[in-house]
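Participant: My questions all concern the structure below.
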Amino acid sequence: MAKKHPGFYLVLLIIIQILLVFSLHLLARGAAPPGEPLTFSGRFTLVDGDGNGIPDHLGYFLPLPASRPDVVWVCGELQAMIDQQWRTIDYTARSFTQTSGEAALYFYGGELRRLRVNGPFRILIEIRGVNLHASGVGGVSAVYHYDQFEAADAVLTNQGPFSTAQIKKVIYTWASENGIQLGPLQTVTFAFDRWRFDFGGVDGGYGKRVWYAPTGEINWTIQ
């Protein structure tokens, strides 16, 4: 019988060790108890951000799980029934700490008026944190009509309340400092966690679209 090379036994030993470690890893994963699925028991409500008695935001309030990381991100994707299908019309994401018992998400009513979309609205929720990830349908709202909302100056953002008029001044100052010519302002709205300003063209030129995030970031494009 031919004598095997010593290297053969070394390779065989390494393979056995790798298989053993891999098997133990699978056993450990199988022994871990499955996490309990989170249930979303949030509620929709009309929100009057500027206090004038007319709703200007659609709010969604979600109780956060008592057992959670120090910081969690809650993302909400707002949908409306358009052409017999749920379609996304807005999105927001906010972080919440352990001291927050409830996550409050706000969707600007001026955008609902601009789109001329009515309820019921549906929201898809995603919660992320250290060792925490859950997602699903957060609920369906009552049949709100878009003309119940006003396009208010005040906007409840993920960085707190802001005045659209003040943001507009920031945009004009930024454009002047950067040598960017802006035509007549045609559209102002807030959606997907940022303002959108649409300006017409100057002397027959192309228009410009400017986005402003509550963090101060500005982006623009020709349209």
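The values are calculated or read from the model by the stated rules, or taken from the named source; none is laboratory data. Not measured: the values here are computed from a predicted model. FYI the Cβ positions are ideal-geometry reconstructions off the backbone, even for glycines, and counts take in every protein chain you see.
Participant: Hey, among the residues in region 92-106 that are surrounded by 13 or more Cβ atoms within 10 Å (Cβ to Cβ) and touching a Leu at 6+ places or on another chain (Cβ under 7 Å), which one's farthest from residue 125 (Cα to Cα)?
Facilitator: 100
Participant: So which residues in region 159-182 are outside any helix (DSSP H, G or I) and surrounded by 16 or more Cβ atoms within 10 Å (Cβ to Cβ)?
Facilitator: 162, 182
Participant: Taking region 106-139 only, how many residues are more than 17 Å from residue 79 (Cα to Cα) and either touching a Lys or Arg at 6+ places or on another chain (Cβ under 7 Å) or not assigned by TED's automatic domain parsing to the domain that holds residue 83 (or both)?
Facilitator: Going through region 106-139 one residue at a time, the tally reaches 2.
Participant: Let me ask another. Being in a strand (DSSP E or B), touching a Gly at 6+ places or on another chain (Cβ under 6 Å), within 19 Å of residue 155 (Cα to Cα) and without any contact (Cβ under 8 Å) to a residue 40 or more places away in the chain: is that true of residue 45 here?
Facilitator: Considered against the rule, which asks whether it is in a strand (DSSP E or B), touching a Gly at 6+ places or on another chain (Cβ under 6 Å), within 19 Å of residue 155 (Cα to Cα) and without any contact (Cβ under 8 Å) to a residue 40 or more places away in the chain, residue 45 comes out as yes.
Participant: Is region 54-76 home to any residue that is in contact with a helix residue (DSSP H, G or I) (Cβ under 8 Å, 6 or more places away or on another chain), among the acidic types (Asp, Glu), crowded, with 18+ Cβ neighbours inside 10 Å and part of a loop (DSSP other than H, G, I, E, B)?
Facilitator: Yes, that holds for at least one residue.
Participant: Return the total of residues in region 169-198 being aromatic (Phe, Trp, Tyr) and within 20 Å of residue 113 (Cβ to Cβ).
Facilitator: So the answer is 4.
Participant: Quick one: residue 152 ticks every box in (1) out of contact with any Cys (no Cβ under 9 Å at 6 or more places or on another chain); (2) under 30 Å from residue 168 (Cα atoms); (3) modelled with pLDDT under 95 bar one, so which box is it?
Facilitator: (3)
Participant: Go through region 126-144 residue by residue and tally those that are modelled with pLDDT under 95, within 19 Å of residue 45 (Cβ to Cβ), crowded, with 17+ Cβ neighbours inside 10 Å and of a type outside the set (Gly, Ala, Ser).
Facilitator: Going through region 126-144 one residue at a time, the tally reaches 0.
Participant: Kindly establish whether residue 103 is in a strand (DSSP E or B), assigned by TED's automatic domain parsing to the domain that holds residue 65 and touching a residue at least 12 places away in the same chain (Cβ under 8 Å).
Facilitator: For residue 103, the condition - in a strand (DSSP E or B), assigned by TED's automatic domain parsing to the domain that holds residue 65 and touching a residue at least 12 places away in the same chain (Cβ under 8 Å) - is met.
Participant: Go through 198, 147 for me and flag whichever is within 17 Å of residue 47 (Cβ to Cβ), acidic (Asp, Glu) and over 21 Å from the mean Cα position of the chain (by Cα).
Facilitator: Criteria check complete, one pass: 147.
This table checks each residue for (1) at pLDDT below 95; (2) among the small types (Gly, Ala, Ser); (3) closer than 18 Å to residue 191 by Cα.
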{"site": "35", "(1), (2), (3)": "yes, yes, no"}
{"site": "56", "(1), (2), (3)": "no, no, yes"}
{"site": "61", "(1), (2), (3)": "no, no, no"}
{"site": "69", "(1), (2), (3)": "yes, no, no"}
{"site": "88", "(1), (2), (3)": "no, no, yes"}
{"site": "102", "(1), (2), (3)": "yes, no, no"}
{"site": "106", "(1), (2), (3)": "no, no, yes"}
{"site": "147", "(1), (2), (3)": "no, no, yes"}
